Amino acid sequence: MLRTRIAAGALALAAAMTIPAAALAAGDTIKVTGPTHVTAGHKVTFAISGRTAKKTQFSVFLDPRSCARTTNKEAARSQRTVLFLKSVNGKYRDTVTFLHSSAGTHYICAYLYDSGSKVGPDKRATHKYVTH
């Protein structure tokens, strides 16, 4: 099931990035919160929240490396997992919960971006945690 969600998410991300749009608003925000230490084999929950001035694309990835600077660069990586992709408008808060069994350092990489826009940078939030 996770493999199906990942494949569907990757297709949705690729499609969303081809539609031109305006730059993000200066006041748009994004934040990731959660534990910094996780025990292997236990469930872990992270919250992603913020605010946007208009409808904006929102993507969240799990990556074993530091987060990329942009959504496009993150999506191009081979060792990342798409946790979710969606549109947000106004105040938003989402959570993601999963069982983490792989020891080491991991990153939750969250991005706000305008689909296909080359104007202005993505807004990005990173949360680093270690699984023991």
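The values are calculated or read from the model by the stated rules, or taken from the named source; none is laboratory data. Computed from a predicted model, the values in this text were never measured in an experiment. A quick note on method: Cβ atoms are made from the backbone with ideal geometry, for glycine too, and the neighbour counts reach across all protein chains shown.
Among the numbered conditions (1) at pLDDT 95 or above; (2) among the small types (Gly, Ala, Ser); (3) surrounded by fewer than 12 Cβ atoms within 10 Å (Cβ to Cβ), the only one that Ser49 does not meet is (3).
Selection of segment 37-55 for residues being in a strand (DSSP E or B), touching a residue at least 60 places away in the same chain (Cβ under 8 Å) and of a type outside the set (A, V, I, L, M, F, W, C) yields His37, Gly50, Thr52. Among residues of segment 89-102 that are without any contact (Cβ under 8 Å) to a residue 60 or more places away in the chain and aliphatic (A, V, I, L, M), those with a beta-carbon under 9 Å from a residue that is surrounded by fewer than 12 Cβ atoms within 10 Å (Cβ to Cβ) and part of a loop (DSSP other than H, G, I, E, B) at least six positions away or on a different chain give the pairs Leu99/Gly41.
Can Ala21 be described as of a type in the set (A, V, I, L, M, F, W, C), farther than 15 Å from Thr81 by Cα and either over 16 Å from the mean Cα position of the chain (by Cα) or modelled with pLDDT of 50 or more (or both)? It is true that Ala21 is of a type in the set (A, V, I, L, M, F, W, C), farther than 15 Å from Thr81 by Cα and either over 16 Å from the mean Cα position of the chain (by Cα) or modelled with pLDDT of 50 or more (or both).
Restricted to segment 56-66, and to residues that are of a type in the set (A, V, I, L, M, F, W, C) and either crowded, with 21+ Cβ neighbours inside 10 Å or assigned to a loop (DSSP other than H, G, I, E, B) (or both), which residue is modelled with the lowest pLDDT? For segment 56-66, the residue satisfying everything is Phe58.
Of the strands (runs of 3 or more DSSP E) entirely within segment 67-132, those holding at least 1 residues that are at pLDDT 95 or above and of a type in the set (D, E, K, R) occupy 81-100, 123-131.
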